[in-house]
């Protein structure tokens, strides 16, 4: 039986995103390989659980994530799902491919990634993504990690996205990054609809409250919170030293902070990752929490954690212990 899931609106674009969304980097063999059948089963499980927003990118497995996602969604009612992809990295075939991709994905190095935020680069990237996805349109297009490319991103890539939106080729445009400062600039200086922020609005890092979230509130921009487990350190109870934090080994102070948060959660009968999922959704500017999965079991666990609820006592204790900022909204909405 297909379960329903709460959705939140991106008001500028007339889109609704499921509160829990599937990030598809793992479908591109992030860190280690996933079989075709397992990838398909993961998307199928997400659908059965009520997830209707799926995010991918050419960067993820040199296009493998987009191909697998497109194949898994084929035949699903197009009006019921939201798909986002990204532009900014073109995939250029290698004349003599050798070895394994050096971008963190366990795939053959058949292509190289080329940064390109020009108008032509945006159009070429989206055209290739649509071909891999097997779709005639995507709902959201993000500028992907334009950290070192601000002049081109704001001067040529953003106007190209505006043009695509005006033509009805895409419904919403935005940017996806691991930092808040440039996303806040996009919120203030453009008419983007939605921004994707990885790792900066979590139980361990609430810096989005400084500039980004206020800018989104002022401008009516939606926010998708990704990386809410901070690369893994918040993904399970009893944080481990071997877990990743922001793609690397967690510093001792970060690990101690995660352990203190876990102790408070455990004392109140709550799993640490359940609190990690619930925390960003308490803010009204957050439209969805985007988490990855490489198996049906993982996405089923994430959906169960999402629906479990977190008592207000947890947030009160975290705030009293100085582990949550006083200006961070908390609370649990019906799932």
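Within the stretch 270-284, if we keep just the residues that are surrounded by fewer than 22 Cβ atoms within 10 Å (Cβ to Cβ) and in contact (Cβ under 8 Å) with a residue 40 or more places away in the chain, the residue that is farthest from the chain's Cα centre (by Cα) turns out to be 270.
Within the stretch 241-257, the only residue that satisfies the criterion of being out of contact with any helix residue (DSSP H, G or I) (no Cβ under 6 Å at 6 or more places or on another chain) and assigned to a strand (DSSP E or B) is 248. Scanning the stretch 273-300 for residues that are in contact with a strand residue (DSSP E or B) (Cβ under 7 Å, 6 or more places away or on another chain) and not in a helix (DSSP H, G or I) yields 285, 286, 287, 288, 289, 290, 291, 292, 293. Of everything in the stretch 237-250 that is farther than 23 Å from residue 319 by Cβ and surrounded by fewer than 17 Cβ atoms within 10 Å (Cβ to Cβ), the residue that is nearest to the chain's Cα centre (by Cα) is 247. Give the stretch 84-96 a look and list any residue that's more than 11 Å from residue 129 (Cα to Cα) and either surrounded by fewer than 20 Cβ atoms within 10 Å (Cβ to Cβ) or under 16 Å from the mean Cα position of the chain (by Cα) (or both), or say none. Answer for the stretch 84-96, where residues must be more than 11 Å from residue 129 (Cα to Cα) and either surrounded by fewer than 20 Cβ atoms within 10 Å (Cβ to Cβ) or under 16 Å from the mean Cα position of the chain (by Cα) (or both): 92, 93, 94, 95, 96.
Each row is one residue, and each column tells you yes or no for (1) at pLDDT 95 or above; (2) under 23 Å from residue 284 (Cα atoms); (3) assigned to a loop (DSSP other than H, G, I, E, B).
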{"residue": "187", "(1), (2), (3)": "yes, yes, no"}
{"residue": "196", "(1), (2), (3)": "yes, yes, no"}
{"residue": "204", "(1), (2), (3)": "yes, yes, yes"}
{"residue": "208", "(1), (2), (3)": "yes, yes, no"}
{"residue": "215", "(1), (2), (3)": "yes, yes, no"}
{"residue": "218", "(1), (2), (3)": "yes, yes, no"}
{"residue": "223", "(1), (2), (3)": "yes, yes, no"}
{"residue": "236", "(1), (2), (3)": "no, no, yes"}
{"residue": "239", "(1), (2), (3)": "no, no, yes"}
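Taken together, the residues in the stretch 61-83 that are surrounded by 17 or more Cβ atoms within 10 Å (Cβ to Cβ), under 17 Å from the mean Cα position of the chain (by Cα) and within 21 Å of residue 287 (Cβ to Cβ) amount to 3. Could you tell me which residue of the stretch 169-185 is surrounded by the fewest Cβ atoms within 10 Å (Cβ to Cβ), considering only residues that are touching a residue at least 60 places away in the same chain (Cβ under 8 Å) and part of a loop (DSSP other than H, G, I, E, B)? Ranking the qualifying residues of the stretch 169-185, first place goes to 178. Among the residues of the stretch 40-67, those identified as touching a residue at least 60 places away in the same chain (Cβ under 8 Å) and within 22 Å of residue 229 (Cα to Cα) are 42, 45, 46, 49, 50, 51, 53, 55, 56, 57, 59.
Looking only at the stretch 119-140, residues that are in contact with a helix residue (DSSP H, G or I) (Cβ under 6 Å, 6 or more places away or on another chain) and within 30 Å of residue 72 (Cβ to Cβ) come to 5 in all.
Would you confirm whether any residue within the stretch 147-154 is under 19 Å from residue 64 (Cβ atoms) and at pLDDT 95 or above? Scanning the stretch 147-154 turns up no residue that is under 19 Å from residue 64 (Cβ atoms) and at pLDDT 95 or above. Against the list (1) in a helix (DSSP H, G or I); (2) surrounded by fewer than 22 Cβ atoms within 10 Å (Cβ to Cβ); (3) touching a helix residue (DSSP H, G or I) at 6+ places or on another chain (Cβ under 8 Å), the condition residue 327 fails is (1). Screening residue 213 against (1) surrounded by fewer than 22 Cβ atoms within 10 Å (Cβ to Cβ); (2) over 13 Å from the mean Cα position of the chain (by Cα) leaves a single unmet condition, (1).
For the stretch 299-316, the candidate set comprises residues that are surrounded by fewer than 18 Cβ atoms within 10 Å (Cβ to Cβ) and touching a helix residue (DSSP H, G or I) at 6+ places or on another chain (Cβ under 8 Å); within that set, the residue that is farthest from residue 36 (Cα to Cα) is 309.
The values are calculated or read from the model by the stated rules, or taken from the named source; none is laboratory data. As the structure is a prediction and not an experimental result, all values here were calculated from the model. In this analysis, Cβ positions are derived from the backbone assuming ideal geometry, glycine residues included, and neighbour counts consider all displayed protein chains.
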